[in-house]
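The values are calculated or read from the model by the stated rules, or taken from the named source; none is laboratory data. For clarity, every value in this text was computed on a predicted model and none was experimentally measured. All Cβ positions, even for glycine, are placed from backbone atoms using ideal geometry, and neighbour counts span all protein chains on display.
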């Protein structure tokens, strides 16, 4: 799933316990504007099940400005590995921080009575949050049986317009250029391009060329190995499930015969020596190091999954070894559904726990961040320092833009630009503020301006202006009335979660075995894999999840 998304784009973070949320304004845009906090600071603890390697305790420039504007100082504890392992222990202890981002485990807090209902707080103290969520307030309700609001959703920006595509099949610009920009529609096209170049260049800069590598480190196996099975066979991203749009029936996507054939192709790539022998052994830093060397011709991943490596290539003067991306399919009978509309998906977000001494103060702080001033600050930084207003338009100076692109990790740590967006509610790309400027910096003009010379040359060769132009359009698909299945709350007393853990363990063990096996054993091993999933209770899990999907559709269409 798009933990994409989360990140997708969920930012990488690693830090300490405690979140100091100080004096928040009174809930309107005018409060706290003179740099003086409207109330005395107060300390509130926060825990996030995400990581954030760039977190510096709000000592970045945006963080300091937020403190100046609101009296808020944030110190937070983030999961080291991006897992939810600490969440059940926290709930079992009954000892909660004041704020929690639990990713997909918010249900544990709700079922334990640990999250408070935010409905009244938002209604009375958060006009900016109400404006931000707008027509989607109904989607913030927890369930048909419990229509309380327990989290302010942060997984997806509100009214997001995706101007560009970030995945999934990546291939070096240098490869495409030398081959005369070949047709790339199917996995066989992709295979041929990698193979043709590899035969000519068995080494790059004195090191063995790697035709194709993958990242199977922990949860990243979904992004790089298993999600592409449904992407290449025309299904949208609903996590580990495939949802029949007519019947709303859910089933594990691995059971689709089409996906079996995708894994057969990966098995074939391994058999002919095109797949990196270390693909299922390497850690993320090793994966990035290989890409940074310039000797990896292709990878199957989302662009954010190897952004550090891309920046390293650009810094090293190897921008021709960075990557173009294509909506590759198993064959030409399907089309990539990455841009199928799911509406606003709500779901994962930040909840205020029963341990919070002053929930009103917290909701006012979140409301400030949802204001125009807060959104501009988090997205653009400080006027006169990180951007200028020229003829009424916000413009990022060239030197700032170059730092943002080429040294993003250090830029983020120093400036704080973009650092807070994954933590709190926000407007999406394409939404304009009252001045007619976009809230975010991701406008089509800016994106195109920042393409490398090789990217611009590749795009021109394929007759398009942006990567997204290569993908099927949103209008070609029927909107999904359930949003995305992976963020539907699952009751903690349901057997779904227990079975899912078993399914996840089986999948992460068997899929690599299947891909690395001799082709003569592929069918037998894949059939055994499906039998093992069913034996773990997948059938009952699918039935129960089908009911949750149908309930979600009913709730959102009340």
- Task: Considering only segment 160-179, state which residues are closer than 24 Å to residue 450 by Cα and part of a loop (DSSP other than H, G, I, E, B).
- Result: 160, 161, 162, 163, 164, 165, 166, 167, 168
- Task: Within segment 148-157, track down each residue that is outside any loop (DSSP other than H, G, I, E, B) and either surrounded by fewer than 21 Cβ atoms within 10 Å (Cβ to Cβ) or modelled with pLDDT of 95 or more (or both).
- Result: 152
- Filtered residue count, segment 109-120, keeping only those that are surrounded by 22 or more Cβ atoms within 10 Å (Cβ to Cβ) and in a helix (DSSP H, G or I): 2
- Query: Of the residues that make up segment 388-404, is at least one in contact with a helix residue (DSSP H, G or I) (Cβ under 6 Å, 6 or more places away or on another chain) and assigned to a helix (DSSP H, G or I)?
  - Reply: yes
- Query: Just for helices (runs of 4 or more DSSP H) wholly inside segment 446-558: which have at least 3 residues that are in contact (Cβ under 8 Å) with a residue 12 or more places away in the chain and within 24 Å of the chain's Cα centre (by Cα)?
  - Reply: 496-516, 538-556
- Name the residue, out of 358, 336, that is touching a residue at least 12 places away in the same chain (Cβ under 8 Å) and not assigned by TED's automatic domain parsing to the domain that holds residue 129. 336
- Message: Any residue that is free of Cβ contacts under 8 Å to residues at least 12 places away in the same chain and assigned to a loop (DSSP other than H, G, I, E, B) - is there at least one of those in segment 377-387?
- Response: yes
- Message: Need the failing condition index for residue 373 against (1) closer than 24 Å to residue 154 by Cα; (2) assigned to a helix (DSSP H, G or I); (3) under 24 Å from the mean Cα position of the chain (by Cα), just the number.
- Response: (3)
- Of these, 226, 232, which one is surrounded by fewer than 23 Cβ atoms within 10 Å (Cβ to Cβ) and under 23 Å from residue 297 (Cβ atoms)? 226
- Identify, please: which residue in segment 50-62 is surrounded by fewer than 21 Cβ atoms within 10 Å (Cβ to Cβ) and modelled with pLDDT of 90 or more and is, among those, farthest from residue 101 (Cα to Cα)? 61
- Mind counting the residues in segment 193-216 that are closer than 22 Å to residue 321 by Cβ and not in a helix (DSSP H, G or I)? 15
- Query: Quick one: what pairs do we get from segment 202-215, first residue free of Cβ contacts under 8 Å to residues at least 12 places away in the same chain and in the same structural domain as residue 304 (by TED's automatic domain parsing), second in a strand (DSSP E or B) and surrounded by fewer than 23 Cβ atoms within 10 Å (Cβ to Cβ), C-beta under 8 Å, 6+ apart or different chains?
  - Reply: 202/208
- strands (runs of 3 or more DSSP E) contained entirely in segment 243-343, each with at least 1 residues that are touching a strand residue (DSSP E or B) at 6+ places or on another chain (Cβ under 9 Å) and within 17 Å of residue 222 (Cβ to Cβ): 250-252, 296-300
